[in-house]
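Remarks on the structure that follows.
The values are calculated or read from the model by the stated rules, or taken from the named source; none is laboratory data. Predicted model, so just to flag it, every value in this text is computed and none were measured. With ideal geometry, Cβ positions are generated from the backbone for all residues, glycine too; neighbour counts draw on all protein chains shown.
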Ligand code: ATP
Ligand code: MG
Ligand code: FE
């Protein structure tokens, strides 16, 4: 099927055209980062308004770049949740309107389902696999048995990993969002000079906690007499990143062993992190596990990722009805498989 996909759960308005849930013909992303940066975080009402402006634009760009007309589209996959409710409603309403106007099927997709399956746009990964989702709102370990077959194995008790990166970047005056900035600084710093705690790392569970690391960084900053700059800043970024990366790695490996899984897929914005990629690759390979990271564009928010589950559901006749509503909160394991 030739699908048009729409994503508007947070601060990216995105549209993509994907054939058969695998071949990405276009994947257009309009980021609102500049709009929210001066507030130090996403302002929900502004996000909704910006989505409203951007959705027709990215849709047209996606069709144009794909070299197809609106009339060629055979179905739509749209993010239904979780996310900011006003933001989600823009994409969902636009998707419904297009489906209604064209009399084509559409399906509301779970945003994290998109993140977890995005890798399939680049390479096939056999089910079952372990998914480590590390994003702005999630730090979760899931057993992915197939499309629609998701089991939560562990998650954060407080902040998400991306949230920790963003909060630490903010308190260091590095702007918002700060994950990529910390990644860049850390690449040139010494990860062992300034030591931060590794919460829950040695506990026999698959839970995470990141607010303590953030507080430790804050306390460290408060103890300094002057501003933290240059090499000191790079070492601080590297020390913080190392703490997060080691915890994520330890728990992912524990989950692989405990759930008897061979393959690990890492996804979500923090999966762009070069430190995480390097450490996780090394550690997992050392124990004989396969590790997969989508390319950075498919790690952060995009619409193309929705096509993997979207095409699966629509080609099995499992489309959504027009009374389906957006949902702000929606645990991934509430998604149910459809009959093949
Ligand atoms: P969710 O997917 O949970 O709804 P989200 O959609 O806001 O949240 P994503 O777009 O998947 O999250 O990821 C954004 C997060 O990724 C931000 O917190 C950002 O700082 C972080 N991030 C992006 N690049 C990097 C990087 N190179 N290193 C660390 N973190 C990064
Ligand atoms: Mg975002
Ligand atoms: Fe996301």
Sole exception among (1) within 16 Å of ligand 2 (Cβ to nearest atom); (2) more than 17 Å from residue 16 (Cβ to Cβ); (3) surrounded by 16 or more Cβ atoms within 10 Å (Cβ to Cβ) for residue 328, by number:
(3)
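Just to confirm my filter: which helices (runs of 4 or more DSSP H) fall fully inside region 270-333 and include at least 1 residues that are in the same structural domain as residue 113 (by TED's automatic domain parsing) and away from ligand 3 (no atom under 16 Å from the Cβ)? Lay out the reasoning, then the answer.
Numbers: elements: 274-286, 296-299, 307-314.
Qualifying helices (runs of 4 or more DSSP H): 307-314.
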Taking only pairs six or more apart or across chains, which ones have beta-carbon atoms under 7 Å, a first residue in region 29-45 that is free of Cβ contacts under 8 Å to residues at least 24 places away in the same chain, and a second residue that is more than 9 Å from ligand 2 (Cβ to nearest atom) and assigned to a strand (DSSP E or B)?
none
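Would you check if residue 238 is more than 22 Å from residue 143 (Cα to Cα), away from ligand 3 (no atom under 16 Å from the Cβ), free of Cβ contacts under 8 Å to residues at least 40 places away in the same chain and over 20 Å from the mean Cα position of the chain (by Cα)?
Values: more than 22 Å from residue 143 (Cα to Cα): yes; away from ligand 3 (no atom under 16 Å from the Cβ): yes; free of Cβ contacts under 8 Å to residues at least 40 places away in the same chain: no; over 20 Å from the mean Cα position of the chain (by Cα): yes.
It is false that residue 238 is more than 22 Å from residue 143 (Cα to Cα), away from ligand 3 (no atom under 16 Å from the Cβ), free of Cβ contacts under 8 Å to residues at least 40 places away in the same chain and over 20 Å from the mean Cα position of the chain (by Cα).
Any idea which residue in region 81-99 is farthest from ligand 2 (Cβ to nearest atom), counting only those that are under 24 Å from residue 23 (Cβ atoms) and crowded, with 21+ Cβ neighbours inside 10 Å?
Restricting attention to region 81-99, the residues satisfying the condition of being under 24 Å from residue 23 (Cβ atoms) are 91, 94-95, 98-99.
Applying the additional criterion that residues be crowded, with 21+ Cβ neighbours inside 10 Å yields 91, 94-95, 99.
Working: 91: 14, 94: 19, 95: 19, 99: 25 Å.
In this case the residue turns out to be 99.
Would region 263-274 turn up any residue that is at positive phi and crowded, with 19+ Cβ neighbours inside 10 Å?
Let us first name the residues in region 263-274 that are at positive phi, namely 268.
Checking the rest, the ones that are also crowded, with 19+ Cβ neighbours inside 10 Å come to 268.
Within region 263-274, one or more residues are at positive phi and crowded, with 19+ Cβ neighbours inside 10 Å.
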Selection count where residues are on the phi < 0 side of the Ramachandran plot and more than 11 Å from the chain's Cα centre (by Cα), scope region 93-140:
30
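What residue, among those in region 130-144 that are touching a strand residue (DSSP E or B) at 6+ places or on another chain (Cβ under 9 Å) and either outside the structural domain of residue 158 (by TED's automatic domain parsing) or not in a strand (DSSP E or B) (or both), is farthest from ligand 2 (Cβ to nearest atom)? Break it down into steps so the answer makes sense when it comes.
Quick first cut of region 130-144, residues touching a strand residue (DSSP E or B) at 6+ places or on another chain (Cβ under 9 Å) only: 130-135, 138-144.
Filter again for either outside the structural domain of residue 158 (by TED's automatic domain parsing) or not in a strand (DSSP E or B) (or both), leaving 135, 138.
Numbers: 135: 8, 138: 12 Å.
So, considering only residues that are touching a strand residue (DSSP E or B) at 6+ places or on another chain (Cβ under 9 Å) and either outside the structural domain of residue 158 (by TED's automatic domain parsing) or not in a strand (DSSP E or B) (or both), the one farthest from ligand 2 (Cβ to nearest atom) is 138.
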For region 56-76, does any single residue satisfy the condition of being within 16 Å of ligand 3 (Cβ to nearest atom) and either at pLDDT below 95 or not in a helix (DSSP H, G or I) (or both)?
no
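Only one residue in 38, 22 is closer than 21 Å to residue 181 by Cβ and either out of contact with any strand residue (DSSP E or B) (no Cβ under 7 Å at 6 or more places or on another chain) or within 16 Å of ligand 1 (Cβ to nearest atom) (or both). Which one? Let's see the steps before the verdict.
Working: 22 fails: closer than 21 Å to residue 181 by Cβ.
Every option except 38 fails the conditions.
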Here's a check for you: in region 16-27, which residue that is crowded, with 20+ Cβ neighbours inside 10 Å and more than 16 Å from the chain's Cα centre (by Cα) is farthest from ligand 2 (Cβ to nearest atom)?
21
